[in-house]
Amino acid sequence: MQMNDKSVGIIGIGSYVPEKVVTNFDLEKIVDTSDTWIYERTGIRQRHVCAEDQATSDLGLEAAKRALADAKVSPEELDLIILATVSPDTMFPAVACRVQDALGAKNAAAFDLSAACSGFAYAMTVGAQFIKTGLYKKVLVVAAEALSKITNWEDRNTCVLFGDGAGAVILGEVEAGYGIIEVELGSEGAGANLLHMPAGGSRRPATPETVAEKLHSIHMNGNEVFKFAVKTMGESAVRSIEKAGLTTDDISLLVPHQANMRIIKSAAKRLGFPMDKVFVNVDKYANTSSASIPLALDEAVKSGRIKKGDTFVIVGFGAGLTWASAVIKWCKED
Ligand code: UT7
């Protein structure tokens, strides 16, 4: 997709993680695993986990407030809120509507978008279109997950991998040549059952049996998702860079979905990127699905790894199966 004419970019960014930290050593006490296994296979040391009374909208709200403050935009100025999640407070209504209410963004339309770990890049792309067409001026994109609430804490194959958190950006028109330069979104629905929540929807509504079988939690074929991720991340990033008419030499930083250090390293290798040009924080937060890229992006900006004029790439993959990448030229001063 060519993104010419009006330049649209991120004019504010924020993130939030809940206070409680669960380390690999804590997990050793509840499932048959070890810090060594988790760290060597994934690069994860710890994850943040919601309090009992915290839900996805609570995390998204905090990230949204921080992004608004960073952009110096008031809630009333927002025309639209798009919230990406796979762990909504409830099946409906949209989490975005709860965030809209809590922010007092009374002029904003609001809806949720489901593209799992690719959700942030999908939502950012959708939001940018509203600005490019001139329909809206300011769009809040939130990616928020309370994955701990849909995790089977008895399944060592999945419970060691995920964490909770949220990231948010404000999109607006930016200086010509800056902002979102190129994007690629993709889907391979044949892999839908490789990573999913089997029950609780219209295919298999909740029953005492589905609860007893723990079908209301994340189920994953880790090996197949791993193969998909390794192939897709590198390829999609390369395509986005090429479509932008750039080469990897023009890219100052890769901000990948933080699922697994081995997947990140293989994507970097495919791009011919040294690891010092790759942003990694999977050790601190584990895989926070849609929130992982904006969480990483916020840290990269706040730590000075991304500065005005830098061109960087975000790339993710996830349930669907989906993938997404984008080339962005940062337009904000420090
Ligand atoms: O955002 C997208 C979400 N999904 C992903 O990113 C997941 C992608 N996949 C992966 O990251 C990797 O496939 C995993 C980290 C999930 C698994 O790593 P792996 O190197 O593919 O291990 P494996 O599944 O082949 O399992 C190797 C062994 C097995 O034991 P046996 O059969 O060899 O005896 C597992 O039962 O490791 C065992 N195992 C564990 N051992 C200790 C699986 N989970 C654990 C665990 N602790 N937590």
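Computed from the coordinates by the stated procedures, all read-outs in this text should not be read as laboratory data. Computed from a predicted structure; not experimentally measured. No Cβ is skipped: glycine too gets one built from the backbone with ideal geometry, and neighbour counts run over all protein chains shown.
Antiparallel DSSP bridges in the chain: what percent, to the nearest 5?
Percent antiparallel among DSSP bridges in the chain is about 70.
Considering only DSSP beta bridges whose two residues both sit in the range 203-334, what percent are antiparallel, to the nearest 5? Among the beta bridges of the range 203-334, antiparallel pairing accounts for roughly 60 percent.
Assuming 1.567 mPa s and 4 °C, estimate D for the range 7-177 with Stokes-Einstein, Rh taken as the Kirkwood radius over Cα pairs, in µm²/s.
78
The lysine pair count for the range 7-177, using Cα distances under 30 Å and pairs eight or more places apart or on different chains, is 18. With the convex hull drawn around the C-alpha atoms of the range 181-329, the volume per residue stands at 119 Å³. Sorted largest first, the spans of the alpha carbon positions of the chain along the three principal axes are 55, 46, 36 Å.
Evaluated with a Cβ-only charge set (Lys, Arg +1; Asp, Glu -1), the chain carries a dipole of roughly 540 debye about its Cα centre, given to the nearest 20. The lysine pair count for the range 199-285, using Cα distances under 13 Å and pairs eight or more places apart or on different chains, is 4. With a cut-off of 12 Å between beta carbons, the residues surrounding Leu194 carry a summed charge of -1, where Lys and Arg count +1 and Asp and Glu -1. Close amide H contacts of Ile11 (hydrogens built in the peptide plane, cut-off under 5 Å, sequence separation of 5 or more or a different chain): Ile170, Leu171, Gly172. One chain, two ends: Lys137 and Asp250. Fully extended at 0.36 nm per residue, the span grows by 37.7 nm beyond their Cα-Cα distance.
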